[in-house]
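S.K.: Supplied in structure tokens, the structure appears directly below.
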Amino acid sequence: MNVGIYIYQNAEVLDFSGPFEVFSTASRLSHPKNIFNTFLVSEENHPVIARAGYSINAQYSFADHPGIDLLIVAGGLHEDEVAKPHVINWISSTSENAKIVASVCTGAFLLAEAGLLANLNVTTHWADVTSLRTSYPDLTVVESQRWVDEGSIVTSGGISAGIDMSLHLVSRLSSIELAEKTARQMEYEWCKNA
């Protein structure tokens, strides 16, 4: 399964590196091995400067990435991304072939702008709940939950909640045993209940 994580300028570092670690660790521990092919995608082929000046190179751009089965959209300073029609169109078109689309933190704003969250229960970082409700009144924004699973759409709260959501997705896509083994390998206390 191809797990593509979308990153952009001023993305929150743990929003993308947490899920990346979960899926790459799960893949290493799985039987058979390598059930997840995890990679980062950015708009163009040049370094992305995430929050606090963290420079990272995505493996792929919009122009050359492989098919994506699970798309994860990171949060961060999302306002510029929401205003880019080609980014929103890419999210929308990529979601048509993905089995699951997920967001971490304020990545939910990008999914909402792409029309993927209409009439769903969703969540985001606690500090952005009011803004998400105000900006997209057709959503039911849930508070005090680490993640919300609506089947083909899964959203998580802020930052570290993306790790819990990703472990949940490993349990859905493979097994609870693999998710637990992954959390143990990462020395992470998984909040199994959303």
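S.K.: Which of the residues belonging to region 130-145 are part of a helix (DSSP H, G or I), polar (S, T, N, Q) and touching a helix residue (DSSP H, G or I) at 6+ places or on another chain (Cβ under 9 Å)? Show your work before the answer.
M.R.: First pass over region 130-145, keeping only residues part of a helix (DSSP H, G or I): 130-135.
When the remaining residues are screened for being polar (S, T, N, Q), the result is 130-131, 134-135.
Those that are part of a helix (DSSP H, G or I), polar (S, T, N, Q) and touching a helix residue (DSSP H, G or I) at 6+ places or on another chain (Cβ under 9 Å): Ser131, Ser135.
S.K.: Please state which of the following conditions Pro85 fails to meet, knowing it meets all the rest: (1) closer than 30 Å to Leu178 by Cα; (2) open to solvent by 60 Å² or more (accessible area, probe 1.4 Å); (3) free of Cβ contacts under 8 Å to residues at least 40 places away in the same chain.
M.R.: If we test Pro85 against (1) closer than 30 Å to Leu178 by Cα; (2) open to solvent by 60 Å² or more (accessible area, probe 1.4 Å); (3) free of Cβ contacts under 8 Å to residues at least 40 places away in the same chain, just (1) comes out false.
S.K.: Given the residues Val148, Val73, Val104, which is the only one that is in contact with a Phe, Trp or Tyr (Cβ under 6 Å, 6 or more places away or on another chain), touching a residue at least 24 places away in the same chain (Cβ under 8 Å) and of a type in the set (A, V, I, L, M, F, W, C)?
M.R.: Just one listed residue meets the conditions, Val73.
S.K.: Next up: Show the residue pairs meeting these rules: Cβ distance below 7 Å; 6+ apart or different chains; first residue within region 126-138 and acidic (Asp, Glu); second residue buried (at least 18 other Cβ atoms within 10 Å of the Cβ) and at pLDDT 95 or above.
M.R.: Asp128/Thr106
S.K.: State yes or no: is Glu12 in contact with a helix residue (DSSP H, G or I) (Cβ under 7 Å, 6 or more places away or on another chain), over 27 Å from His168 (Cβ atoms) and of a type in the set (D, E, K, R)? Walk me through it before giving the result.
M.R.: Numbers: in contact with a helix residue (DSSP H, G or I) (Cβ under 7 Å, 6 or more places away or on another chain): yes; over 27 Å from His168 (Cβ atoms): no; of a type in the set (D, E, K, R): yes.
When the stated conditions are applied, Glu12 does not pass them.
S.K.: State which residue is surrounded by the most Cβ atoms within 10 Å (Cβ to Cβ) when the search covers only region 168-190 and only residues that are outside any helix (DSSP H, G or I) and free of Cβ contacts under 8 Å to residues at least 60 places away in the same chain.
M.R.: Of everything passing the filter in region 168-190, Trp190 is surrounded by the most Cβ atoms within 10 Å (Cβ to Cβ).
S.K.: Search region 1-30 for residues being more than 13 Å from Ser166 (Cβ to Cβ) and either at pLDDT below 95 or among the β-branched types (Val, Ile, Thr) (or both), and hand back the single one that is most open to solvent (accessible area, probe 1.4 Å).
M.R.: Top of the filtered list is Val13.
S.K.: Is region 184-191 home to any residue that is modelled with pLDDT of 95 or more and of a type in the set (Ser, Thr, Tyr)?
M.R.: Yes, there is a match, as at least one residue in region 184-191 is modelled with pLDDT of 95 or more and of a type in the set (Ser, Thr, Tyr).
S.K.: Residues Ala118, Ala127: which one is of a type in the set (A, V, I, L, M), farther than 23 Å from Met1 by Cβ and not in a helix (DSSP H, G or I)? Even if it seems obvious, please write down each step before you answer.
M.R.: Details: Ala127 fails: not in a helix (DSSP H, G or I).
So the residue among Ala118, Ala127 that is of a type in the set (A, V, I, L, M), farther than 23 Å from Met1 by Cβ and not in a helix (DSSP H, G or I) is Ala118.
S.K.: Here's a follow-up. Looking at (1) in contact with a strand residue (DSSP E or B) (Cβ under 8 Å, 6 or more places away or on another chain); (2) within 25 Å of His125 (Cβ to Cβ), find the lone condition where Ser92 falls short.
M.R.: In the conditions (1) in contact with a strand residue (DSSP E or B) (Cβ under 8 Å, 6 or more places away or on another chain); (2) within 25 Å of His125 (Cβ to Cβ), Ser92 misses (1) alone.
S.K.: Report, by residue number, each residue of region 48-77 that is part of a loop (DSSP other than H, G, I, E, B), surrounded by fewer than 12 Cβ atoms within 10 Å (Cβ to Cβ) and of a type outside the set (D, E, K, R). Full working, then the answer.
M.R.: Let us first name the residues in region 48-77 that are part of a loop (DSSP other than H, G, I, E, B), namely 50, 54, 57-59, 62-69, 74-75, 77.
Narrowing further to those that are surrounded by fewer than 12 Cβ atoms within 10 Å (Cβ to Cβ): 57, 63-64, 67.
Within region 48-77, Asn57, Ala63, Gly67 meet the criteria.
S.K.: Of all residues in region 143-181, how many are over 14 Å from the mean Cα position of the chain (by Cα) and over 27 Å from Asn97 (Cα atoms)?
M.R.: Qualifying residue count for the region: 6.
S.K.: Exactly one of (1) open to solvent by 10 Å² or more (accessible area, probe 1.4 Å); (2) touching a Gly at 6+ places or on another chain (Cβ under 6 Å); (3) not hydroxyl-bearing (Ser, Thr, Tyr) is unmet by Val41. Its number?
M.R.: (1) is the only condition that Val41 fails.
S.K.: Out of all the residues in region 143-164, is one or more in contact with a Leu (Cβ under 6 Å, 6 or more places away or on another chain), at pLDDT 95 or above and surrounded by 24 or more Cβ atoms within 10 Å (Cβ to Cβ)?
M.R.: So far as region 143-164 goes, no, none of its residues is in contact with a Leu (Cβ under 6 Å, 6 or more places away or on another chain), at pLDDT 95 or above and surrounded by 24 or more Cβ atoms within 10 Å (Cβ to Cβ).
The values are calculated or read from the model by the stated rules, or taken from the named source; none is laboratory data. All of these numbers come straight from a predicted model, not from anything done at the bench. Here Cβ is always computed from backbone atoms with ideal geometry, including for glycine, and neighbour counts include all displayed protein chains. Keep in mind that these areas ignore ligands, DNA and RNA; they rest on the heavy atoms of the full protein, side chains included. Shrake-Rupley method; radii C 1.70, N 1.55, O 1.52, S 1.80 Å.
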